[in-house]
Amino acid sequence: MTRDSETSLKTRKKLHIQTWGCQMNVYDSQRMEGLLRPLGYEVSDSPEGADLVILNTCHIREKAAEKVYSALGRLKKMKDAKEQQGGQMRIAVAGCVAQAEGAEITARAPQVDLVFGPQSYHKLPEMIALAARQKGDILETEFEVEDKFDVLAKDRKVEGYSAFVTIQEGCDKFCTFCVVPYTRGAEVSRSVDSITGEIRALVAQGVREVTLLGQNVNAYHGQSPAGSGSETFGLGALLRHLAKIDGLDRLRFTTSHPRDMDEDLISAFGEEEKLMPYLHLPVQSGSDKILKAMNRGHKAEDYLRLIEKIRAARSDIALSGDFIVGFPGETQADFEETMALIRESQYASAFSFKYSRRPGTPGAVMAKQVAEDEKDARLQALQGLLEEQKHAFNAGCVGKVLPVLLESKGRIDGQLNGRSPYLQGVHLAAKDHLLGQIVPVRILATKTNSLTGQLVSGYGQSDGVGHTEVGQGFEGGQGVRS
Ligand code: SAH
Ligand code: SF4
Ligand code: F3S
């Protein structure tokens, strides 16, 4: 009996997953859906009436756990209502809050049936079977030696043309503000063969762009393919290897740490056309004193020189970053150094946060915590500057022709949405048959968070036949070099 016919014999069950946090959680949620589909679970957008609800949680900022408990309060009402009608709703808490709080969750919220961390979700089918047989809660928050990725089925089902693939997990850096090393454990990398297998299968389903994910993606050092002449591949070697996959047109990776940006990776930006000219390289602060207190392991000057080298390899690169304002001990002068670093680096996009005390991290107990109103004022000034830079970057694209991967239908009929090489959202009038293609788009204007453009004249106006698609070799690859 095939898996499909086996599934059709089972009763259909409704699954709802709510995902918070980073892209690695998004990836994990997709893999959980994939694991549960053969058991008859169908994904639903709403928790109402669901047989299984999974909260895939994030612990990066304050109040993260509170958000989870208030969601659990709402779910309890739905669970009670379903039980009164003779039905059943199982509730699971997954992700980084599950890892950090473990058994406290079931103690505080008895409506929860399962709690499991990011390293245990491949055991979900077993855990559900166990929950059906036994009374009481199930808790799985051990870090296992067993490779989760070996257990997860290789045949991952995806919709769309762009997909995330986790290649590295965990973090050994221990920045003094961050919970990730505690919730995701030590750094581990998947083997090159395992990643290649997953990506080939995605490409066979129509995926054209892959974003490689890791908490410290450029610390990647995975087992190399047999006969390659080296024991492990770094991220540069992995990208060059993946770029050989026919049908895969675009590669991206996130998030990188400045300390792990090696020469091979930097030169890949200049050499690999499929590697998109976009780099998320958080620096957090421009003050050496604060960088030291954060345990970032480099100085502001090292970061600036690194950006110079990267721009020498790929002049049009869209630089992105993360910033924290109000780390303990940050004075106005330290903050001004961050503003100076931003002025020198020139960002195309960025994320910025007020420092938030995370219990268990060294930063939480440091002296000289910064007052909330001070943090607010600094964040506002910093975001103002980053917004200006984003607009300047976007405005610089107006008039240019960019290759855009058309990913989805727009809100207005006859409109499609896509992404430029620089990860900007682009809206344009185009026919549906162009979905999934990389097309030349002349950029006409910038909006707050996206660009509008039009197809280069004569392109794709017919009904799907007789045009050449834009791929490599287009205005200097898939970007526009200045
Ligand atoms: N591994 C990545 C970041 C992962 S967390 C790196 O090293 O850059 C994503 C971002 O959340 C961080 O870059 C940081 O800017 C922010 N962040 C993490 N912990 C924080 C905290 N306690 N308070 C405020 N922002 C925080
Ligand atoms: Fe957190 Fe630092 Fe690790 Fe990034 S490098 S995940 S900020 S500890
Ligand atoms: Fe949040 Fe965990 Fe990601 S804490 S940012 S979901 S690694």
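Can you find a residue in region 208-216 that is within 16 Å of ligand 3 (Cβ to nearest atom) and among the hydrophobic types (A, V, I, L, M, F, W, C)? Give the steps one after another, and end with the answer.
Within region 208-216, the first condition is being within 16 Å of ligand 3 (Cβ to nearest atom), and the residues that meet it are 211-216.
Retained after the next criterion (residues that are among the hydrophobic types (A, V, I, L, M, F, W, C)): 212-213.
Among the residues of region 208-216, at least one is within 16 Å of ligand 3 (Cβ to nearest atom) and among the hydrophobic types (A, V, I, L, M, F, W, C), which makes the answer yes.
Of these, A243, A163, which one is touching a residue at least 24 places away in the same chain (Cβ under 8 Å) and open to solvent by 10 Å² or more (accessible area, probe 1.4 Å)?
On the way: A163 fails: open to solvent by 10 Å² or more (accessible area, probe 1.4 Å).
Step by step, each of A243, A163 is checked, and only A243 is touching a residue at least 24 places away in the same chain (Cβ under 8 Å) and open to solvent by 10 Å² or more (accessible area, probe 1.4 Å).
A quick yes/no check of all residues on (1) within 19 Å of F164 (Cβ to Cβ); (2) in a loop (DSSP other than H, G, I, E, B); (3) modelled with pLDDT under 95; (4) over 21 Å from the mean Cα position of the chain (by Cα):
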{"residue": "S230", "(1), (2), (3), (4)": "no, yes, yes, yes"}
{"residue": "L238", "(1), (2), (3), (4)": "yes, no, no, no"}
{"residue": "F253", "(1), (2), (3), (4)": "yes, no, no, no"}
{"residue": "R259", "(1), (2), (3), (4)": "no, no, no, no"}
{"residue": "D264", "(1), (2), (3), (4)": "no, no, no, yes"}
{"residue": "S267", "(1), (2), (3), (4)": "no, no, no, yes"}
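Considering region 185-228 alone, what residues qualify as being assigned to a strand (DSSP E or B) and among the β-branched types (V, I, T)? Working first, answer last.
Taking region 185-228 and keeping what is assigned to a strand (DSSP E or B), we get 188-189, 209-213, 222-223.
Correct list: V188, V210, T211.
Could you please find all residues in region 316-337 being among the polar types (S, T, N, Q) and within 25 Å of the chain's Cα centre (by Cα)?
Within region 316-337, the first condition is being among the polar types (S, T, N, Q), and the residues that meet it are 320, 331-332.
Correct list: S320 only.
Could you tell me whether region 151-162 includes any residue that is modelled with pLDDT of 95 or more and within 16 Å of ligand 3 (Cβ to nearest atom)? Give the derivation first.
Of the residues in region 151-162, the ones modelled with pLDDT of 95 or more are 161-162.
Checking the rest, the ones that are also within 16 Å of ligand 3 (Cβ to nearest atom) come to none.
No, region 151-162 has no match at all.
Any idea which residue in region 41-86 is nearest to ligand 2 (Cβ to nearest atom), counting only those that are acidic (D, E) and more than 19 Å from C22 (Cα to Cα)?
At the first step, the residues of region 41-86 found to be acidic (D, E) are 42, 45, 48, 51, 62, 66, 80, 83.
In the following step, the residues that additionally are more than 19 Å from C22 (Cα to Cα) were identified as 42, 45, 48, 51, 80, 83.
Values: E42: 34, D45: 30, E48: 35, D51: 34, D80: 38, E83: 40 Å.
If we take residues in region 41-86 being acidic (D, E) and more than 19 Å from C22 (Cα to Cα), then D45 is nearest to ligand 2 (Cβ to nearest atom).
Restricting to region 91-105, give me the number of residues that are surrounded by fewer than 20 Cβ atoms within 10 Å (Cβ to Cβ) and in contact (Cβ under 8 Å) with a residue 12 or more places away in the chain.
Here is the first cut: in region 91-105, the residues surrounded by fewer than 20 Cβ atoms within 10 Å (Cβ to Cβ) are 102-104.
Next, only the ones that are in contact (Cβ under 8 Å) with a residue 12 or more places away in the chain stay: 102-103.
Number satisfying all stated conditions: 2.
Report whether or not K390 is surrounded by 13 or more Cβ atoms within 10 Å (Cβ to Cβ) and assigned by TED's automatic domain parsing to the domain that holds F269. Please lay out each step first, then the result.
Numbers: surrounded by 13 or more Cβ atoms within 10 Å (Cβ to Cβ): yes; assigned by TED's automatic domain parsing to the domain that holds F269: yes.
Spelling it out, K390 is indeed surrounded by 13 or more Cβ atoms within 10 Å (Cβ to Cβ) and assigned by TED's automatic domain parsing to the domain that holds F269.
Report, by residue number, each residue of region 374-407 that is under 12 Å from V325 (Cβ atoms) and free of Cβ contacts under 8 Å to residues at least 24 places away in the same chain.
Result: D376, A377, Q380.
Inside region 403-426, can you point out the residues that are in a strand (DSSP E or B) and out of contact with any Lys or Arg (no Cβ under 8 Å at 6 or more places or on another chain)?
Filtering region 403-426 for residues in a strand (DSSP E or B) gives 403-409, 415-419, 425-426.
Those that are in a strand (DSSP E or B) and out of contact with any Lys or Arg (no Cβ under 8 Å at 6 or more places or on another chain): P403, L406, S408, K409, G418, R419.
Somewhere in region 345-363, is a residue more than 18 Å from M261 (Cβ to Cβ), more than 12 Å from ligand 1 (Cβ to nearest atom), part of a helix (DSSP H, G or I) and open to solvent by less than 20 Å² (accessible area, probe 1.4 Å)?
no
The values are calculated or read from the model by the stated rules, or taken from the named source; none is laboratory data. All values derive from a computational prediction rather than experimental measurement. All Cβ positions, glycine included, derive from the backbone under ideal geometry; neighbour counts span all protein chains shown. Just the protein is used for accessible areas: all its heavy atoms, side chains included, with ligands, DNA and RNA removed. Shrake-Rupley method; radii C 1.70, N 1.55, O 1.52, S 1.80 Å.
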